[in-house]
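The values are calculated or read from the model by the stated rules, or taken from the named source; none is laboratory data. What you see is a predicted model; the values in this text were computed from it and never measured. Cβ coordinates were reconstructed from backbone atoms using ideal geometry, including for glycine residues, and neighbour counts include every protein chain displayed.
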Amino acid sequence: MFDSESSTKKGKLNYGLMLHEILATIQNEKDAELLIEKYYVDGQLSSTDHTTIRDQLHWLFSNPQVQSWFNTDWHVKTETPIILPIGHPKRPDRVLIQGKNAIIIDFKTGQEKPSDKEQVLEYKKLLVEMGYQKIEAFLLYITLNKVIKIA
């Protein structure tokens, strides 16, 4: 039997994962447009999803804060693991580096949770241990169209 609630949840999950993948993969705004078109041509996006994701990314890139993270001359690391002496590596979604300065951006597709902030603070602590001196950290709730600066 077809479960429409399950199908709707799966669709939202796939949509969120696709948005997250795009943002975590690209270097700049133009890359996003090219990747969305590739996914569409390859059949990974329906016409409706193609339009929805383009609209969502258009909103994100119209936000000056978000735009600055993608149209930058800073060195960009996407999904680059931070190797720890013990335990599993940590993978911030996007880290911008310029000298001893760093900006951490973690993308979220669901609702806000206290563990999101804890995760970003852990990334920040690791970058301090790596010698970065001025570090800013942000959570970008993609589907909520919300940016939160983490102190």
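Here Leu84 fits the description: assigned by TED's automatic domain parsing to the domain that holds Lys134, over 21 Å from Leu140 (Cβ atoms) and either at pLDDT 90 or above or not aromatic (Phe, Trp, Tyr) (or both). The set of residues in segment 76-96 being free of Cβ contacts under 8 Å to residues at least 60 places away in the same chain and within 16 Å of the chain's Cα centre (by Cα) consists of Val76, Lys77, Thr78, Glu79, Thr80, Pro81, Lys90, Arg91, Pro92, Val95, Leu96.
Among the criteria (1) loosely packed, with under 12 Cβ neighbours inside 10 Å; (2) under 19 Å from Gly16 (Cα atoms); (3) in the same structural domain as Ala24 (by TED's automatic domain parsing), the one Lys113 does not fulfil is (3).
Select, from Thr109, Thr80, Thr143, the only residue that is more than 20 Å from Tyr15 (Cα to Cα) and of a type in the set (Ser, Thr, Tyr). Being more than 20 Å from Tyr15 (Cα to Cα) and of a type in the set (Ser, Thr, Tyr) holds for just one of Thr109, Thr80, Thr143, which is Thr80. For Leu96, the conditions (1) within 20 Å of Ala32 (Cβ to Cβ); (2) out of contact with any Ser or Thr (no Cβ under 9 Å at 6 or more places or on another chain); (3) among the aliphatic types (A, V, I, L, M) all hold with the exception of (2). Against the list (1) modelled with pLDDT of 95 or more; (2) touching an Asp or Glu at 6+ places or on another chain (Cβ under 8 Å); (3) of a type outside the set (Lys, Arg), the condition Asp93 fails is (1). In segment 57-109, what residues are of a type in the set (A, V, I, L, M, F, W, C) and surrounded by fewer than 19 Cβ atoms within 10 Å (Cβ to Cβ)? Selection gives Trp59, Phe61, Trp74, Val76, Ile82, Ile83, Leu84, Ile86, Ile97. Can His50 be described as without any contact (Cβ under 8 Å) to a residue 40 or more places away in the chain, surrounded by 16 or more Cβ atoms within 10 Å (Cβ to Cβ) and more than 13 Å from the chain's Cα centre (by Cα)? Here the answer is yes, as His50 does meet what is asked. Within segment 70-95, being part of a strand (DSSP E or B) and closer than 14 Å to Met130 by Cα holds for Ile82, Lys90, Val95.
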